[in-house]
Amino acid sequence: QTIVVLKNLLMAHVEVYKALKRIDNTKSIGIVHNVLLFKQLYTLDPISYCLTGFFNKITNDLLIEFFSTGKFSYHNTLLRIHIEYEDEHAALYNDYIGLNFYANPVVGPNLSNCYGATCYSGQEMGDMYLPLDPEGFSTAIDLVATLNKPIYITEIGIADKTDLLRQKFVQQYTD
């Protein structure tokens, strides 16, 4: 289960952080997070509402909540999943946050893949079903900034085998 893997990853990060700091407390240690804020193509679409809520919870919310409050809590009554973990000092176990960002996936009915990744009218898509989304980059920075740690942009890019979108990408994301 993805949720269990994420919980174990966060628990491992905490233990490794503490162990490395015992060896050398002068080194900076952080975690890198790939922010994907899933968006609905149509606001009133109940299927994409459920999908984006679930994906955002497991992709971003659980990690941000854990490093903000020390609590990892996932409950899904329908699937009978109840996972809890708590470490009251979790916010201390990062000296910085690395931010990976490519785009925020848009989910909804479409002609290219029936129901799934797509883009809004006027957006251009990269090769991995991710649209150019410079506003999303700003939103991702704001989300990670809630952890009150220095932010390093560790990855940013676009999948573009033709290289036609890359120039637009660089211009839009750096403006």
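The values are calculated or read from the model by the stated rules, or taken from the named source; none is laboratory data. Here the structure is a predicted model, which is why all the values come from computation and not from measurement. Don't worry about glycine lacking a Cβ; one is built from the backbone with ideal geometry, like all the others, and counts go over all protein chains shown. Only protein heavy atoms, including side chains, enter the accessible area calculation; ligands, DNA and RNA are left aside. Shrake-Rupley method; radii C 1.70, N 1.55, O 1.52, S 1.80 Å.
When only residues in region 71-101 that are free of Cβ contacts under 8 Å to residues at least 60 places away in the same chain and within 18 Å of the chain's Cα centre (by Cα) count, which is farthest from ILE58 (Cα to Cα)?
Among those residues, the one meeting the criterion is ALA91.
Restricted to region 123-153, and to residues that are part of a strand (DSSP E or B) and open to solvent by 70 Å² or more (accessible area, probe 1.4 Å), which residue is nearest to PHE67 (Cα to Cα)?
Only one residue fits best here, namely TYR152.
Of all residues in region 102-125 being small (Gly, Ala, Ser) and touching a helix residue (DSSP H, G or I) at 6+ places or on another chain (Cβ under 8 Å), which is farthest from GLN171 (Cα to Cα)?
Across region 102-125, the extreme among qualifying residues is GLY108.
Can you give me the number of residues within region 161-175 that are of a type in the set (Ser, Thr, Tyr) and open to solvent by less than 90 Å² (accessible area, probe 1.4 Å)?
Total satisfying the criteria: 2.
How many residues does region 154-169 hold that are out of contact with any helix residue (DSSP H, G or I) (no Cβ under 6 Å at 6 or more places or on another chain) and either over 14 Å from ALA103 (Cβ atoms) or outside any helix (DSSP H, G or I) (or both)?
11
Tell me the strands (runs of 3 or more DSSP E) entirely within region 1-111 that contain at least 3 residues that are touching a Phe, Trp or Tyr at 6+ places or on another chain (Cβ under 8 Å), over 30 Å from SER121 (Cβ atoms) and open to solvent by 80 Å² or more (accessible area, probe 1.4 Å).
In region 1-111, the matching strands (runs of 3 or more DSSP E) lie at 81-86.
Tally up the residues in region 7-33 that are closer than 14 Å to ILE58 by Cβ and in contact (Cβ under 8 Å) with a residue 60 or more places away in the chain, please.
Result for region 7-33: 3.
Hey, among GLU88, GLU84, which residue is more than 26 Å from GLY136 (Cβ to Cβ) and touching a Ser or Thr at 6+ places or on another chain (Cβ under 7 Å)?
GLU84
Which residues, taken from region 104-146, are free of Cβ contacts under 8 Å to residues at least 24 places away in the same chain and within 13 Å of LEU37 (Cβ to Cβ)?
GLU135, SER138, ASP142
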